[in-house]
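Accompanying notes for the structure given below.
The values are calculated or read from the model by the stated rules, or taken from the named source; none is laboratory data. Everything numeric in this text was worked out from a predicted model, so none of it was measured. Neighbour counts run over all protein chains shown; Cβ positions are idealised from the backbone, glycine included. These area figures cover heavy atoms from the full protein model, side chains too; ligands, DNA and RNA do not enter into them. Shrake-Rupley method; radii C 1.70, N 1.55, O 1.52, S 1.80 Å.
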Amino acid sequence: MDPKMLKEINQQIQEETYSGYIYLAMAADLESNGFKGMATWMQVQAREEKIHADIFLNYILERGEKVELEAIQKPPSSWESPLAVFKDALEHEVHITGRINHMVKVARELNDNATHNMLQWFVEEQVEEEANVGEAVQQLEIVGEDGRGKLMIDREMGSRVFNVPASAPYYPKPGQATGA
Ligand code: MG
């Protein structure tokens, strides 16, 4: 693999791991403020990010290349409101979409078809991620300061359960624990 591509994929393991880390911080903040359903939703989101990181890691290994993990920065620890949490989450997902699109561009320039193919799953996944988080932002904006409305959203979001994505590329590897 071209070293430039490998560097980008190693960097993406960091990006996805940080995603999980910031969502964990968001889940903790939501729960401490009484929004247990939204906290559950964020915990599920964090677990999905671990899978995203694993896919990139497995892919590097499958290509016979070297995994090099980068340092993870400290996420914020508190937010002004659930709306502020989900707005930040949306902004973060837009950033991740930008990263994926950048990697697609690099793969195309290097004529790395295998990496280009693997990335297509993430292209689709990012549409879903932005839509899901965007829906939460929209609903929270609708209810505004209405406490009852916020609790209704909280209850609904609490029903989200973690599922291992069936179609994920390079995941799980044979014998790899999925945590499902
Ligand atoms: Mg992700």
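The slack in the chain from V104 to A180, taken as 0.36 nm per residue of separation less the alpha-carbon distance, amounts to 24.4 nm. Binning the C-alpha pair distances of the range 1-79 at 5 Å intervals from 0 yields a P(r) profile of 3, 17, 22, 18, 14, 10, 8, 5, 2, 1 %, listed from the shortest bin outward. Averaging the sequence gap over all C-alpha pairs within less than 8 Å and six or more residues apart, then dividing by the number of residues, gives the chain a relative contact order of 31 percent. Taking S78, S159, S167 in turn, the Gaussian network model of the chain (Cα-Cα springs below 10 Å) assigns the largest fluctuation to S167.
Legend: residues V161, V94, sorted from most to least accessible area (1.4 Å probe; ligands, DNA and RNA excluded), read V161, V94. Using a Gaussian network model of the chain in which every pair of alpha carbons under 10 angstrom is joined by a spring, one finds that among Q43, Q138, Q11 the greatest mean-square fluctuation is at Q138.
List the lysines whose Cα sits under 26 Å from the Cα of K150, skipping any in the same chain fewer than 8 residues away. Partners within reach: K36, K87. Seen against the Cα atoms of the chain and their longest principal axis, helix 82-109 is set at about 10 degrees.
The accessible area of E128, taken with all protein chains in place and a 1.4 Å probe, comes to roughly 110 Å². A simple charge model with +1 on the Cβ of Lys and Arg, -1 on the Cβ of Asp and Glu and nothing else charged puts the dipole of the range 3-157 at about 300 debye relative to its Cα centre.
Only helices enter this figure: runs of n ≥ 4 DSSP H residues, each worth -39500 (n - 2.57), summed and divided by the residues of the chain, yield -25000 deg cm²/dmol at 222 nm to the nearest 500. Just to confirm the number: angle between the C-alpha axis of helix 36-62 and the first principal axis of the chain, 0 to 90 degrees, nearest 10? The angle comes out at about 0 degrees.
Accessible area per residue for the chain is 53 Å², calculated with a 1.4 Å probe on protein heavy atoms, without ligands, DNA or RNA.
Within the accessible area of the chain, what % is carbon and sulfur when the probe is 1.4 Å and the other protein chains stay in place? Carbon and sulfur together cover 51 percent of it. Across the range 139-156, rounded Karplus estimates of 3J(HN,Hα) from the backbone phi angles (6.51 cos²θ - 1.76 cosθ + 1.60, θ = phi - 60°) give 5, 5, 5, 5, 6, x, 8, 5, x, 5, x, 4, 5, 5, 4, 4, 5, 5 Hz, Gly and Pro being marked x. So if I take the centroid of the Cα atoms in the range 118-163 and the same for the range 3-64, what is the distance between those two points in Å? Taking the Cα centre of each part, the range 118-163 and the range 3-64 sit 17 Å apart.
Between S167 and V123, full extension at 0.36 nm per residue minus the direct alpha carbon distance yields a gain of 14.5 nm.
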